[in-house]
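What follows is a short report on a single structure.
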Amino acid sequence: MRIETPACGKTQIDRMPPIHDAGDPSFSAEDPTRRAFLEAAGSWLCDAYVCNVRFIARLVKGRWRIWDAAVDIYPYPPRYETGFLFQHADFLAGQVQFDRTNKIELLEILKQAAAGKIELPDTSLSLHDTGQLGFYSKMLGPDHGFSELHLQINGPQIEQIPLTPIGALDTKLRQSNPPFDGISDLATYLRLPGPTSGQNPMISVHVYPPVSLVRAQLNNERLELDFHAHAYFDIKNMGLAIRPYPNDSVHSRAQIASQVEWGDANNGVREGRVRLDLSEVESVLVMQTIGPATVLRQWISDPKRSHNRRLLAVQHFDQDLKMIEEAVLRTRESAIFENGISALLFLLGFTASVQIEKDAPDLIVTTPRDRLVIIECTTKVADFETKLGKLVDRRGALKKSLQSSGHHNEVAAVLICRQPLDQIVANRDRPAMHKVVLWAQEDLVRLLNDVRFQRDPDDILSNAETFMRGYNDAV
């Protein structure tokens, strides 16, 4: 089945193909992770959402097999046209947008993806014939700040059949419309690992919430929250709660969804706002839920009040910690990332030192109880194994050196990867096997939220080690 490569532009889909899952062994077997995801999606979705599908596939025995794919479902359309398709010989890739899709069709798209299949116009893609599927969701992990619905469907390894010569394929991509500088550039544009990553085929699905917190402020004990909601979403299905700090009595905690004042829909969006006068508070935890899933956990702080003197000092020069947040969560420069992690650990009460020597850990850290920690930092999944190996080797060498000099030789090791857990799940068990604490993007967001409190750094480290040991026992 041939797909012509159109000029760059949005691919309009008028009608979704029917779903046929009867008799599919991968779909009939109930999986709790998949069930939890689909149940939550049913309470989040509403008509007029937009579905965007990104994929890389290859032809195996006359069928298109998914190498990597992503299904993203948004409440609002993108600003720019994004659709394109590319095919050459046994290689197929592209991005297809399903516009203004109704809720029933969206749920069918999700059920099909959960069965390892994606239906495109005149073309079917799948992870497998009858192979076993695996499921992972970061929804089931530790709570963090923003939580879109997520499901990763892992398929069996594609048969090792030679692909069209890479050089010829790269040339065809440079001649295509739109042009790409080879497979690597194409995979980067699609935000997919690509065929050279070495991982098993997978589909990653994300569903974004119909209500967003667009502004939050706490100033002089007055909390102000502004929301944008999809015009077709029933706002009675949103939960909203607050937990003030340090005035943390049971009477200060409250459900406040009924106090949000909603306006009429305008251009597909309803605006909502709530204003609350609180007493004796420095921070407020805002907890937003929809159906059975958490959307948001966000601490809102009064910038002029905090028990953490380190935070007050740093905020004097870096208001709202914007530069530290940029360095920890968004920069691509490894040196800036390491400096950002060092600053974050300082705010949390650790004593952190960035190393100048190249043959050394990225950071050496101590706690108030004189525990010694060595840390390796990486912004890329590709460096994961290398960083882990260096961390284990350097911890062993340091322990021997400390022991020979008569000091206690307990050394903790932490690997910090800026990528989210769903991007490193294939490697997640490796640090635990070597008794190394792993902090991913979700952990960094949580730690950034924790800087306003006087948390004990030794407890932070001990809790992370306890979680690591529990994960190691589980695997």
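Some notes on this structure:
- Rounded to 5, the percent of DSSP beta bridges in segment 320-475 classed as antiparallel: 45
- In the context of the full set of protein chains, residues of segment 419-468 present 39 Å² of accessible surface per residue (probe radius 1.4 Å, heavy atoms only).
- Estimated distance in nm for a label pair at Gln419 and Lys236, the labels positioned 7 Å out from Cα along Cα-to-Cβ: 4.5
- Gain upon complete extension [Ser249, Asp429; 0.36 nm per residue less C-alpha separation]: 60.9 nm
- Gyration tensor (alpha-carbon) shape descriptor, segment 323-382, a/c threshold 1.5: oblate
- In terms of the mean number of neighbouring beta-carbon atoms within 10 Å, the peptides 91-102, 376-387 order highest first as 91-102, 376-387.
- Karplus-derived 3J(HN,Hα), 6.51/-1.76/1.60, for each residue of segment 251-256, Hz, glycine and proline x: 6, 7, 7, 7, 8, 10
- Cα lying deepest toward the dipole's positive end in the chain, options Gln87, Tyr74, Ala254, charges on Cβ: Gln87
- Gyration tensor (alpha-carbon) shape descriptor, segment 269-309, a/c threshold 1.5: prolate
- Histogram of C-alpha separations across segment 202-322, 5 Å bin width, %: 2, 10, 19, 20, 17, 13, 10, 6, 3, 0
- At R0 = 41 Å, FRET efficiency that the Cβ-Cβ distance of Asn200 and Gln319 yields, to 0.05: 0.35
- Distance (nanometres) between label positions extended 7 Å along Cα→Cβ at Asp383 and Tyr76: 3.5
- Phi-derived couplings, Karplus 6.51 cos²θ - 1.76 cosθ + 1.60 at θ = phi - 60°, listed residue by residue for segment 89-95: 6, 9, 10, 9, 8, x, 9 Hz, with x used for Gly and Pro.
- Placing one equal scatterer on every Cα of the chain and applying the Debye formula, the log10 ratio I(q)/I(0) at q = 0.07, 0.08, 0.10, 0.11 Å⁻¹ is -0.43, -0.57, -0.88, -1.05.
- Among Phe37, Phe317, the order of accessible area from largest down is Phe317, Phe37, computed with a 1.4 Å probe on protein heavy atoms.
- By the rule of a C-alpha distance below 12 Å, with chain neighbours fewer than 8 residues away ignored, the aspartates and glutamates paired with Lys400 are Glu410.
- Links that overshoot a 31 Å alpha carbon limit, given the list Lys61/Lys111; Lys380/Lys435; Lys111/Lys172; Lys138/Lys435: Lys111/Lys172
- Per atom type, the chain shows carbon and sulfur on 49% of its accessible surface, probed at 1.4 Å.
- Interchain or long-range residues, amide H under 5 Å from Leu120's placed H: Leu125
- Packing, as the average of other Cβ atoms within 10 Å across residues, places the peptides 416-424, 115-123 in the order 416-424, 115-123, highest first.
The values are calculated or read from the model by the stated rules, or taken from the named source; none is laboratory data. Nothing here was measured: the structure is a model prediction, and the numbers come from that model. All Cβ positions, glycine included, derive from the backbone under ideal geometry; neighbour counts span all protein chains shown. What goes into the accessible areas is simple: the full protein's heavy atoms, side chains included, and nothing from ligands, DNA or RNA. Shrake-Rupley method; radii C 1.70, N 1.55, O 1.52, S 1.80 Å.
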